[in-house]
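Bear in mind these aren't lab numbers, they're just calculated from the coordinates by the rules spelled out. Quick caveat: nothing in here was measured; it's all calculated off a predicted structure. Because the Cβ atoms are built from the backbone with ideal geometry, glycine has one as well, and the counts that use them run over all protein chains shown.
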Amino acid sequence: MNTTLESEVTLMCNLSKGVREEGIQQGRREMLMESIVNLMGAMKLTGEQAMAALGIPEADREWYAKELDKK
């Protein structure tokens, strides 16, 4: 395999790895959103209480709060 082809293959592998990681992160966020909503409904918690119960880091809570406002 020549150097150019090898570089292109490496680049494609790195790109696909990035796409995979983004997909995993998106899936985790979707699952946490579902869990927040479920806790709010079943346990009558506020969004903030549900996020605290799930152990969501303070730094991430603003994003989830904005997503809750969209619903």
Close pairs from the range 30-59: first free of Cβ contacts under 8 Å to residues at least 60 places away in the same chain, partner aromatic (Phe, Trp, Tyr), Cβ under 8 Å, at least 6 apart: 32/64; 33/64; 36/64; 47/64; 51/64; 56/64
Flagged in the range 46-62 as surrounded by 12 or more Cβ atoms within 10 Å (Cβ to Cβ) and under 14 Å from residue 29 (Cβ atoms), in numbering order, are 51, 54, 56, 60, 61
Examine the range 20-35 for a residue that is touching a Leu at 6+ places or on another chain (Cβ under 7 Å) and over 16 Å from residue 71 (Cβ atoms), and state whether such a residue exists. no
If residue 37 passes every condition in (1) β-branched (Val, Ile, Thr); (2) surrounded by 10 or more Cβ atoms within 10 Å (Cβ to Cβ); (3) more than 21 Å from the chain's Cα centre (by Cα) but one, which one does it miss? (3)
